[in-house]
Amino acid sequence: MKLSDFLDRDLVLPELAAQTKTEVLTELVAALGRKLPDLDEEKTLQVLLEREHLGTTGIGDGVAIPHGKMEDRQEIILVVGRSKRGVDFEALDYKPCHIFFL
């Protein structure tokens, strides 16, 4: 499995406007919603926030891998976002995250 097999130009966000964890997730989900009109964005965001409550997906070295399972989706969908300034994602190394793989 190659990461490039799941990349779609429309789902690569070169500069996120988000400044908080919730805003990052909302912005990434909005990109998904534009690409997948049948996606329930509110439900998707809720799944991601619930996963974050179990423990941060900020793995360190400026990277976060927020993820979740949707019962109505069988395929893997990838959204990539970047924040030059960084966002406090409660990462394991306590440093801001700059790259987000949803």
May I ask for the Rg/Rh ratio of the chain, computed from Cα atoms with Rh as the Kirkwood radius, given to two decimals?
0.94
In angstroms, what radius of gyration and Dmax does region 25-73 have, counting Cα atoms only?
11.4, 34
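Kindly provide the helix-only [θ] at 222 nm of the chain, computed as the sum of -39,500 (n - 2.57) over DSSP H runs of four or more divided by all residues, to the nearest 500 deg cm²/dmol?
Helix-only estimate at 222 nm: -9000 deg cm²/dmol.
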List the residues whose amide H sits under 5 Å from the amide H of Val12, counting only those 5 or more places along or on another chain, with H placed 1.01 Å from N in the peptide plane.
Val80
Which value, in debye to the nearest 20, describes the size of the charge dipole of the chain about its Cα centre when Lys and Arg Cβ atoms bear +1, Asp and Glu Cβ atoms bear -1, and nothing else is charged?
340
Output ³J(HN,Hα) for region 94-99: one whole-Hz value per residue in order, computed from phi by the Karplus curve 6.51 cos²θ - 1.76 cosθ + 1.60 with θ = phi - 60°, and x for Gly and Pro.
6, 9, x, 9, 10, 10
Determine the alpha carbon to alpha carbon distance for each of Lys2/Lys43; Lys21/Lys43; Lys43/Lys84; Lys21/Lys95 and list only those over 22 Å.
Lys2/Lys43; Lys43/Lys84
With θ set to phi - 60° and the Karplus curve 6.51 cos²θ - 1.76 cosθ + 1.60, what are the ³J(HN,Hα) couplings of region 53-68 in order, to the nearest whole Hz, using x for Gly and Pro?
5, 6, x, 5, 9, x, 8, x, 6, x, 10, 10, 10, x, 7, x
Bridge type composition, the chain - antiparallel percent by DSSP, nearest 5
60
With unit charges on the beta carbon (Lys/Arg positive, Asp/Glu negative), name the residue among Leu25, Val47, Pro14 whose Cα is farthest towards the positive pole of the charge dipole of the chain.
Pro14
When ranked by the protection proxy of mean other Cβ atoms within 10 Å per residue, highest first, what sequence do the peptides 34-42, 55-63 form?
55-63, 34-42
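Ranked highest first by the average count of other Cβ atoms within 10 Å around their residues, in what order do 11-17, 83-89, 68-74 fall? Before the final figure, lay out the partial values.
Details: 11-17: 14.1, 83-89: 16.9, 68-74: 10.4.
Those peptides, ordered most packed to least, come out 83-89, 11-17, 68-74.
Values quoted throughout were computed directly from the atomic coordinates according to the rules given, and no laboratory measurement underlies them. Note that the structure is a prediction, hence the values are computed from the model and not measured. All Cβ positions, glycine included, derive from the backbone under ideal geometry; neighbour counts span all protein chains shown.
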